[in-house]
Each structure stands twice: as structure tokens, then as C-alpha cells.
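Presented below is the structure to which this report refers.
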Amino acid sequence: IAGITQAPTSQILAAGRRMTLRCTQDMRHNAMYWYRQDLGLGLRLIHYSNTAGTTGKGEVPDGYSVSRANTDDFPLTLASAVPSQTSVYFCASGSYTGELFFGEGSRLTVL
Amino acid sequence: GNSVTQMEGPVTLSEEAFLTINCTYTATGYPSLFWYVQYPGEGLQLLLKATKADDKGSNKGFEATYRKETTSFHLEKGSVQVSDSAVYFCALLKDSWGKLQFGAGTQVVVTP
């Protein structure tokens, strides 16, 4: 049972570099989400996709972009990383009910 | 706007103790409410949910009742185990597209 697969598990990145976090699901869920987790702030929504071909901005979208070319994949790109983007990133998928399935996270450190 | 407030942690308990984690929310109407759990080094997983007022969600010995009068959804477990050590997140359903508003999370540490 795969569910949601995220890669890389962790990454150290120099400020200004471009980085793409990968996310793949095998549950055929229509909706996919990217959250970042920061201590004391819980999870905050970065971007979401209600269905393949569409995307939308969440609470904290600045500095991030996403694409949804097909149902299974939902990559998150940092065009030019900054230290404030140091965080743990979680990809999730679901069927609009709020019952989400999460990946194991990608820990990103921007120096 | 929507918001979820949880009690701050960490909450440290001995095994077999009673656990309560408070959660209150602000929202328009009566959204579905959830508790998610994050075990060390893992992603979040759904623990339980309630979709309307007075509903009780339950799973793995945990319970939470949707109280619209007090806009609360407190999580309880009668006898915790070391394996319940985790971070617990309260959340509400923001819209019909499945987006969730999470609280800050409460770390629970259970000692033998």
C-alpha cells in the first residue's frame, strides 16, 4: 500500500536555488494539497488542486508554485529558495470530505 | 474567518492516565470537525471526525463530541498508553473542496 509518496525525504538547499518537491498518489483522489508545518503554527495550506488541470492558492502561497498535469502527481516548486521556507512540507490527497491522506513529509532546510 | 485553537503542549502523562486535549473553533455555520494524529517521524493520519452538532467521533479509545453551544471538540481518552505519544491536531472543514483549517497541534508525551 503506497498511498502518498513524497520525495526527497530531506534536503539542504542554498538560498536562491530552485527546488521541486515531488508528490505522487495512487488512490485516484481528485483533490491534492500542499501544507507546510512549522512549530507553533500547525499546518498551513500553500496550494491546492481540486482536480487535474486546476490549482489554487492557499494561505501562504508566496514563493511557491504548483502544477497538476494528471491525477496522480502534484509537484511543489520553490523558484528561488529563502531561509523562511525552511520547514517540513506535507502533501495530502482526499475526496473533498476533509478526510485527507498525508505523505511522510519532506524536510527542507534553506541556508 | 475560520480558526481553530488548541491547548498548548506538551502534555505529559503517566501511562493509564486520563487525557483531555481542548479544542475550540470559530467558523460560519457548523463545519465538519476532525482530529488528526502525527506519530514521530510520520505524516498526519485521521483519528476521528464528527460531521454535525452532537455527533461523537471515536477511534482507538479516543472520543470527541461536537458541541455547537461551546464551539468545542475536545479529545479524550480514558487510559493512555506509551504508544499514544504523538502530536494531535484539531481541524475544521473550510469549504466543499475539502480544505482544512488546522490548529497549532498539541504534543502528548506518555511515560511508563
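The values are calculated or read from the model by the stated rules, or taken from the named source; none is laboratory data. Just so it is clear, the structure is predicted and the values come from calculations on it, not from any experiment. Every residue, glycine as well, gets a Cβ built from its backbone with ideal geometry; the counts of neighbours run over all protein chains shown. Side chains are part of the model used for accessible areas, which takes the heavy atoms of the whole protein and leaves out ligands, DNA and RNA. Shrake-Rupley method; radii C 1.70, N 1.55, O 1.52, S 1.80 Å.
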Qualifying residue in segment B:93-107 (condition: in contact (Cβ under 8 Å) with a residue 60 or more places away in the chain, basic (Lys, Arg) and out of contact with any Asp or Glu (no Cβ under 8 Å at 6 or more places or on another chain)): yes
Scan of segment A:96-111 for residues that are more than 15 Å from the chain's Cα centre (by Cα) and facing chain B (nearest Cβ under 7 Å), ordered by number: A:Tyr96, A:Thr97, A:Gly98, A:Glu99
Count of residues meeting criterion [modelled with pLDDT under 95 and open to solvent by 70 Å² or more (accessible area, probe 1.4 Å)] in segment B:38-50: 3
Residues satisfying the stated conditions in segment B:55-96, i.e. within 14 Å of chain A (Cβ to nearest Cβ) and open to solvent by 50 Å² or more (accessible area, probe 1.4 Å): B:Asn59, B:Lys94, B:Ser96
Subset of segment A:83-111 [more than 24 Å from B:Cys90 (Cα to Cα) and either open to solvent by 60 Å² or more (accessible area, probe 1.4 Å) or touching a Cys at 6+ places or on another chain (Cβ under 9 Å) (or both)]: A:Pro83, A:Ser84, A:Leu111
Options B:Val82, B:Val37, B:Val87: the member that is β-branched (Val, Ile, Thr) and more than 11 Å from the chain's Cα centre (by Cα): B:Val82
Of all residues making up segment B:3-39, the number that are of a type outside the set (A, V, I, L, M) and in contact with a helix residue (DSSP H, G or I) (Cβ under 8 Å, 6 or more places away or on another chain): 1
Residues that are under 18 Å from B:Ala104 (Cα atoms), more than 16 Å from the chain's Cα centre (by Cα) and part of a strand (DSSP E or B), drawn from segment B:9-29: B:Thr12
Which numbered condition A:Ser80 misses (of (1) touching a residue at least 60 places away in the same chain (Cβ under 8 Å); (2) within 11 Å of chain B (Cβ to nearest Cβ)): (2)
Subset tally (residues that are of a type outside the set (Gly, Ala, Ser) and surrounded by fewer than 14 Cβ atoms within 10 Å (Cβ to Cβ)) for segment A:21-40: 3
Total residues in segment A:41-57, condition touching a residue at least 24 places away in the same chain (Cβ under 8 Å) and loosely packed, with under 14 Cβ neighbours inside 10 Å: 0
